[in-house]
1. Kindly evaluate Lys384 against the criterion of being touching a residue at least 24 places away in the same chain (Cβ under 8 Å) and away from the ligand (no atom under 16 Å from the Cβ).
2. Could you go through segment 244-262 and let me know if any residue there is more than 30 Å from Gln351 (Cβ to Cβ) and touching a residue at least 12 places away in the same chain (Cβ under 8 Å).
3. Strands (runs of 3 or more DSSP E) wholly in segment 71-157 with at least 3 residues that are farther than 24 Å from Pro3 by Cβ - which ones?
4. For segment 411-470, please list each of the helices (runs of 4 or more DSSP H) lying entirely inside it that holds at least 3 residues being of a type outside the set (S, T, N, Q) and within 30 Å of Pro291 (Cβ to Cβ).
5. If the Cβ limit is 9 Å and pairs must be 6+ apart or interchain, which residue in segment 306-328 that is without any contact (Cβ under 8 Å) to a residue 12 or more places away in the chain pairs with which residue that is within 14 Å of the ligand (Cβ to nearest atom) and of a type in the set (A, V, I, L, M)?
6. Any residue at all in segment 380-393 that's within 19 Å of the chain's Cα centre (by Cα) and not in a loop (DSSP other than H, G, I, E, B)?
7. Which members of segment 32-45 meet the condition of being surrounded by 15 or more Cβ atoms within 10 Å (Cβ to Cβ) and not aromatic (Phe, Trp, Tyr)?
8. Only residues in segment 350-363 that are closer than 11 Å to Val475 by Cβ count as the first member; pair them with residues that are outside any helix (DSSP H, G or I) and not hydrophobic (A, V, I, L, M, F, W, C), Cβ under 6 angstrom, at least 6 apart or cross-chain, and list the lot.
Amino acid sequence: MAPLDPHSFSDSTNPPTTDVSLSLYFDFPSATIHGVAFFILAFPYAGQLSFDTRSLTIHQVLSPINLSPLPFSLSSSPDPIKGTQLSIFLPDDDDTAFNSFFIVFSTSPSSTALQWLCPPQTFNKKHPFVYTQCQSIHARSIFPCQDTPAARIRYTALLNVPQELSAVMSARHVGRRPPVSGEGHSHLLPNGFNSLWSSETRVVEEFLMNQPIPPYLFAFAVGELGSREVGPRTRVYAEAVNSVLDAAAKEFAGTEEMIRQGEKLFGEYAWERFDLLVLPPSFPYGGMENPRMVFLTPTVIKGDASGAQVVAHELAHSWTGNLITNKNNEHFWLNEGFTTYAERRIVEAVQGEDRAILNTGIGWKGLKEEVEKFKDNLEFTKLKNNQQGVDPDTIYSEVPYEKGFQFLWRIERQIGRPAFDEFIKKYIATFQFQSIDTERFLKFLKAEVPGIEKDIDLVLWTEGTGIPPDAYEPVSDLYTKILSLANEFKLGRMPREDEVADWRGQEWELYLENLPRVLKASQVLALDESYRLSESKDYEVKVAFLQLAILSKCRNFYSEVEKTLKEVGRMKYLRPLYRALVQGAGKEEEKILAKRVFSEARECYHPIAQGVVESILAKHI
Ligand SMILES: [Zn+2]
C-alpha cells in the first residue's frame, strides 16, 4: 500500500477512476441522497481497491456483468480526518478482471459537503435548498470515490429532484425532463426509492462533465433557482427572487471583460461557460471555483462592482487550480498562490493598478498576521508543508495565497513581466488537466529560466518558514497615504472627511487593518460616530471594525457582533470574530457570548464552518 495523498485512503497501486456516472435521488424530508454510481477504472484490476467515504451507507457493490454482489468492507471506526475506508474486492476468477463496477449508497444528514436548508433559511422562504462544498476533502461524503486531486474524473449525473425545484452543477446542463423508470440503473436504488424515481412529482436534471476534474470540484445546488444573462457565456443564478437576481446581474455585469483579459494573459478559456451561482448567506467561502458554475457568497454583492475581485479570483482558477491542480493539499499554494497572482493581474487590467495594489497590500498585511498566528506551528508558514494527520480545514490560512503570490511576484521581478507572462502561458499549456506537485513546478521553472536558483533561493521560498527577506510590500500613492493615515491615528488624529470622501470598502479595510490591534473604547466609538463603520453594508469593513471593537473590549458593539455572526456563514468573517472573542486572557464575558451565539447560530452554518468554529472554541475555552 502506497498512499497517494495524506488525506485519502487511495492507493497508488490501484487504477484511478477515470469516469463516474451518478443517479441521485434527493429526499429533502430526510436530508438524504440515495445514489447509484457506476465507476470506470483506468485499467482492469483484480484485488482490493481503496475508496474514501464519510458518513455514507454502502448498500451494495455490484458486478458490471451480471449485477451480482461483490464483497466489500468498511473500516471499523472512521478516521477523524479521512473518514471511513471502503475496500472493494474485485474478483479475477474468469481471467476477466473488471475495469468497472456499481456502488449503491446513501448519504446521511451529517454529510460534511452538504448543507440542507429548510424553507425559513432561504431568501424566498418557500422551498428547501441544498448545496455542496467539496474542497478540500468532502466529496467523499456525497459519493464514494478516490477523493484526491491526484485522481481526475469525468462524470455524468442524473439528479432526481422535486419538480418545483431545479438544479445546477459544475458541468454541462444536458436537459431537464420527466424521469424514466429504471434509467441510470436507478432500479438499484434502496428502500423503495427505485419506484419513487419516476413519480410524476419529480423531474430529472441531467449533466455531463467531460473534462477530467479533481473530485473537490464536483458541485451542485438544488432549489427554486432563477437566472439572468450577463454576458455571452455567463448567466448569474440565485434563488428566484427578483431583487437578488437584479443586484447580482448588476454587480457582475463586467464578467465578460474579465474573461477576455484572462484569456489574453493565460490562454483560451477552456470550460465553455462561466456561470455564477449566488448562494444563501451560509455559504462558507467567498467563492468556490467550481468549473462552469462558480459558487459565490451573497456578501460579495456590495452594489459597487467591487465583488468583481472575488469573481476575478474564481475566474483565475479556470487556469490555475482547475486546469493545473495541486496533487494534494500539501501543495495547495500551486492552486492559490498562482490564482492570487492571476486574480491581481486581471484586476489590474480591468480596474487599474491602484486597485490591484490595494488588493496586494491587504494581502501583505494578512500574510504577516497569519505568520504571527502560526508562530507555534511554523510548518504551516511553509509553501510546501507536511499535512500527515492534519485536517486541511483547520490549517486553512492566507499563507498559500499570499506567500505563494509573493513567490511568483518575486520571480516576475527577477525575469521581467514579459518573460514571466510567457513563462505562465507555457506552464499552463504544458500541465493543463494534470495534477502536479511543487517539485514538478520547480523543475519546469529551472528548465525554462536557467540559473534562476542562483538569483532566488527557491528552497527557502518553498520549504522555509516565515516570510523570505526578498518578499515585497507593494507601493502606490494611495496605499502609502492610507498607511500614513493609519499611523497618524496612533498619534491621535482621525482622518478628515475630505480625506476619506472617495474611499470604498478596500480603502477602509486596509486602514482598519493597519490600526493598532487594541484601541481605547473611546477611540472605537469616535471612529464609528464619524464613519458608521459598524453599519457598513460591506462585510469586509464591518468585520474589520467589529474585530477591532472586540479586541478593544468596546462592548457597545457586541449586539452587532452577534447579529453579524447570525446572518452570515462565510468563514472569512466567522474566524476573526470568534477568535477575537475567545483568544487571550480576561475574556470571560466574551467567551460566554461566543458559546451562546454559536449554539444559536450553528444550524445556519455549513458543516465545514461548524467544524472550524468548533475547533476555535475548543482551543480557547
Ligand atoms: Zn482560490
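1. Values: touching a residue at least 24 places away in the same chain (Cβ under 8 Å): yes; away from the ligand (no atom under 16 Å from the Cβ): yes.
Here the answer is yes, as Lys384 does meet what is asked.
2. Going residue by residue through segment 244-262, those that are more than 30 Å from Gln351 (Cβ to Cβ) are none.
So far as segment 244-262 goes, no, none of its residues is more than 30 Å from Gln351 (Cβ to Cβ) and touching a residue at least 12 places away in the same chain (Cβ under 8 Å).
3. Numbers: elements: 72-74, 84-90, 98-106, 114-117, 129-132.
Qualifying strands (runs of 3 or more DSSP E): 98-106, 114-117, 129-132.
4. On the way: elements: 417-431, 438-448, 452-455, 458-463.
Passing ranges, in order: 417-431, 438-448.
5. No pair meets every condition.
6. Within segment 380-393, one or more residues are within 19 Å of the chain's Cα centre (by Cα) and not in a loop (DSSP other than H, G, I, E, B).
7. Residues of segment 32-45 surrounded by 15 or more Cβ atoms within 10 Å (Cβ to Cβ): 32-41, 45.
The answer is Thr32, Ile33, His34, Gly35, Val36, Ala37, Ile40, Leu41.
8. Ile357/Pro474; Ile357/Ser476; Thr360/Pro474; Gly361/Pro474
The values are calculated or read from the model by the stated rules, or taken from the named source; none is laboratory data. These numbers were taken from a predicted model, which means no experiment stands behind them. Neighbour counts are summed over all protein chains in view; Cβ atoms, including those assigned to glycine, are modelled from backbone coordinates with ideal geometry.
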